[in-house]
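What follows is a short report on a single structure.
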Amino acid sequence: MTLHERLQSVFQAVLGDDEIALTDGMTSADIEGWDSVAHINLMFSIESEFGIQFEGNELAELPDIGALKDYLRQRLEGRSAA
Amino acid sequence: MDASADRQRGDQLCRDGRYAEAIEAYRKAAEGQEIPPADVCLKIARCHQHLGEHEHACRLLTRLVDAADTFTPWQAAAGLLEKIRASHEPPAKRRPRVALLGSYTTTQFAGMLRLAALRFGMAIDLYEAGFAQYRQEILDPGSGLYAFDPDFVILALHAGEAALPEYSRAPDDDVQAELERWRSLWRTLAKHGSARLIMHNFALPAESPMGHLAARLPGARLSMMHALNARLGEAAGGEVSIIDCERLSSLYGKRRWFDDRYWYLSRQAMTLDALPMLARHTAAVVAADLGLSRKCLVLDLDNTLWGGVIGEDGLSGIGLGAGPAGEAFVAFQHYVRLLKDRGVILAVCSKNNEADAREPFEKHPDMALSLEDIAMFVANWKPKSENIAHIASTLNIGLDALVFVDDNPAEREVIRQMLPEVEVITLPADPSGYVRAVDQSLLFEPASFTEEDAKKTEQYRARAEIARLEGESDSLEDFYASLQMKAVIAPFDALHLPRIVQLIGKTNQFNLTTRRHTLPQIQAFMNDADCVHLYLKLRDRFTDHGLVGLVIAKKDGEVLDIDTLLMSCRVIGRTAERAMMSELCKGARRLGCAAIRGTYVPSAKNAMVEGLFADLGFEPEGDAAADGERRWLYDLAGRGAIENRFIEVVSGDEEQAHDAA
């Protein structure tokens, strides 16, 4: 599975909607059910899926899906380089 | 095709809306796995939901509970359960009303609790109080909590709620004062309602500013928290249930249990990954309080209680005692014996020649279990499904009271297929994991511990013996007489109250009205002079059955109205109900009543007593209601007291003399 697919399946599982199709420009406003509780659930599940931990304010703020993917790519590459 | 290809085919079929075919593909993906992976359970459940097959969907969700113990799949499953609940009642044995009051964000825990409850046979009607509103809700008689009128109140707390200083010069006084603060909250709750309180105790923090010194410094906060948890447990007694979060957080690993990032961000008291475990344990305790815990453990023998096959390897060849595997089997037997000692009934179901199967019990020096520990011993070559059904009917308990353990996955699968009510535990390949597998199932969570529990095996063995004797006696009268039954029938008292509460909470079959009175309600009956309340203790020449029956009746003008009449299934078919009713007649006369009214309220389990009042000489009072409820009247003035021929009623003093002897 690609990073995009893994991320999408986390969103589908946590928000309980198999129809969710992520695109890079999406923010919480574009996805139904992404409220403050769902945000916590999503961030936690993303951490579990990718084996990373958000730090400081990263946990609270999430600009859009594209930025999240860039961030994840960076973290995962950093790990494989080390 | 491999499993991941089947899974992808299922996903495609789902997208095309061909859900029935998708289910087939997913089942194929999980083929050969005893418990399907969590994501497959969820996918199949979703398909069933799309097809409108809500019961199937719920069943898959309960399997997911066993397949996963992390947040994400549980959250997904809890979300699906919410969707189903919006239009359908999930299938359940009980539907308790539960109020969840927390000192932290409980939104996620609430969903998990519903899901875990479903696994234990309960559909919860939930009231979730606002964030950290627990004190206000309990103290305000007009709160939403009391308007909801719950059966259970769950108090979910974190360690920050314990008002104890970092260091105290008078630790004992400080701990006592903090204990009193919680007890006063318990009392307020009890004053305004009859809900059973289930309190999470305090998970002690992972860090210790006092280092190891804290362990020998009673004034250190860590030491005081330990003391507080202990005193809360002592104070709880039979009135309050405690979920030991200190134990759970240790079990989970405190460094993982606590994740302060999520506390600062959204007031989560523990990592979301720990919520499934906490929810399972909380649900198991609710289930136990409702009498849903399993009663009987059915054991295979070869490679389950000892290594190897007794019929082939012989007494000296089986693995028991010596060596790592041999020690593991002894340890498992020892654990099983401890279950038995606190009231779990044991049965053996083995494919063996009976003499071979008994030999280790009789002769092997390292057996921790003896034949006396086993209420029923079945060793033959019939299918196990048949033997297990026979065990249930002989011991007179439902199939849904049984748990089956067997090292052989094929036998486990057959029982799952043939007897779905029986719980089947998946044992690991290595016997050193057997104890944990049974312990983690939480299927035997005890609600209370009474003297009767410790005597249960003796009683069930006696029942199997009596089943044999029944065949030998010429007539039923001869049989009853041969039992030499003696009963103590007396008003409720404080000493017997725990057992009375337990019987009212869990008796299903011989229960005319199935009214689940709580402790405060029972105490109200006891304080009412217009009430007759009697318990029945029974013994015969084989065994002392303990307190096994009770009746509660209330004067209504000239009529004594039976509110509750029930008996443990251990003593059904012994005319004990006549002995009890005969004493009730005396009580009716004392209160000046000329008649006794009985009500039969049908339930899923009590069809066996539908004709009881007719047998006792009652006449129907009006027609049965649409739901089958029916009232009956006994003309005490005209017919005289109900006759009791076979049971000698002795006084409590004689009974004590018997106990002393």
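The values are calculated or read from the model by the stated rules, or taken from the named source; none is laboratory data. Given the structure is predicted, the values throughout are model-derived calculations rather than measurements. Positions of Cβ are generated from backbone atoms using ideal geometry, with glycine treated the same way; all protein chains shown enter the neighbour counts.
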Practice problem: Give B:25, B:20, B:45 a once-over and let me know the one that is within 12 Å of another protein chain (Cβ to nearest Cβ) and at pLDDT 95 or above. | Solution: B:45
Quiz item: If you go through segment B:168-179, how many residues are surrounded by fewer than 15 Cβ atoms within 10 Å (Cβ to Cβ) and over 17 Å from residue B:236 (Cα atoms)?
Solution: 4
Quiz prompt | Pairs where the first residue, in segment B:260-281, is more than 10 Å from chain A (Cβ to nearest Cβ) and closer than 23 Å to residue B:122 by Cβ and the second is of a type in the set (Val, Ile, Thr) and surrounded by 19 or more Cβ atoms within 10 Å (Cβ to Cβ), C-beta under 7 Å, 6+ apart | solution = B:281/B:243
Self-check item: Qualifying residues in segment B:122-167 (those that are outside any loop (DSSP other than H, G, I, E, B), of a type in the set (Gly, Ala, Ser) and in contact with a helix residue (DSSP H, G or I) (Cβ under 8 Å, 6 or more places away or on another chain)) - the one farthest from residue B:233 (Cα to Cα)
Solution: B:144
Quiz item: What are the residues in segment A:44-78 that are within 20 Å of residue B:72 (Cα to Cα) and away from chain B (no Cβ under 14 Å), if any?
Solution: A:65, A:68, A:69, A:72
Quiz prompt | Filter pass, residue B:651 being closer than 24 Å to residue B:490 by Cα, at pLDDT below 90 and touching a Ser or Thr at 6+ places or on another chain (Cβ under 8 Å) | solution = no
Quiz item: What are the residues in segment B:373-392 that are assigned to a helix (DSSP H, G or I) and in contact with an Asp or Glu (Cβ under 8 Å, 6 or more places away or on another chain), if any?
Solution: B:384
Exercise. Output the number of the condition that residue B:125 fails; it satisfies all remaining conditions of (1) out of contact with any Phe, Trp or Tyr (no Cβ under 9 Å at 6 or more places or on another chain); (2) under 30 Å from residue B:291 (Cβ atoms); (3) surrounded by fewer than 20 Cβ atoms within 10 Å (Cβ to Cβ).
Key: (1)
Quiz item: Considering segment A:1-19 alone, what residues qualify as being part of a loop (DSSP other than H, G, I, E, B) and surrounded by fewer than 20 Cβ atoms within 10 Å (Cβ to Cβ)?
Solution: A:1, A:2, A:17, A:18, A:19
Exercise. Among the residues of segment B:65-76, count how many are assigned to a helix (DSSP H, G or I) and more than 9 Å from chain A (Cβ to nearest Cβ).
Key: 4
Quiz item: Just for segment B:85-113: of the residues that are in a helix (DSSP H, G or I) and away from every other protein chain (no Cβ under 14 Å), which one is surrounded by the most Cβ atoms within 10 Å (Cβ to Cβ)?
Solution: B:113
Quiz item: From the set of residues in segment B:51-64 that are among the hydrophobic types (A, V, I, L, M, F, W, C) and either within 12 Å of another protein chain (Cβ to nearest Cβ) or part of a helix (DSSP H, G or I) (or both), which is farthest from residue B:273 (Cα to Cα)?
Solution: B:57
Quiz prompt | Scope segment B:28-41; condition more than 14 Å from chain A (Cβ to nearest Cβ) and either hydrophobic (A, V, I, L, M, F, W, C) or out of contact with any Pro (no Cβ under 9 Å at 6 or more places or on another chain) (or both); matching residues | solution = B:28, B:29, B:30, B:31, B:32, B:33, B:35, B:36
Quiz prompt | Residues of segment B:596-612 classified as buried (at least 21 other Cβ atoms within 10 Å of the Cβ), touching a residue at least 60 places away in the same chain (Cβ under 8 Å) and more than 27 Å from the chain's Cα centre (by Cα), total | solution = 1
Quiz item: Can you find a residue in segment B:578-595 that is surrounded by 18 or more Cβ atoms within 10 Å (Cβ to Cβ) and of a type in the set (Lys, Arg)?
Solution: no
Self-check item: Residue identified as crowded, with 19+ Cβ neighbours inside 10 Å, in contact (Cβ under 8 Å) with a residue 24 or more places away in the chain and touching a Phe, Trp or Tyr at 6+ places or on another chain (Cβ under 9 Å) among B:159, B:132
Solution: B:159
Quiz item: Considering B:359, B:421, which residue is of a type outside the set (Val, Ile, Thr), more than 17 Å from residue B:336 (Cβ to Cβ) and part of a helix (DSSP H, G or I)?
Solution: B:359
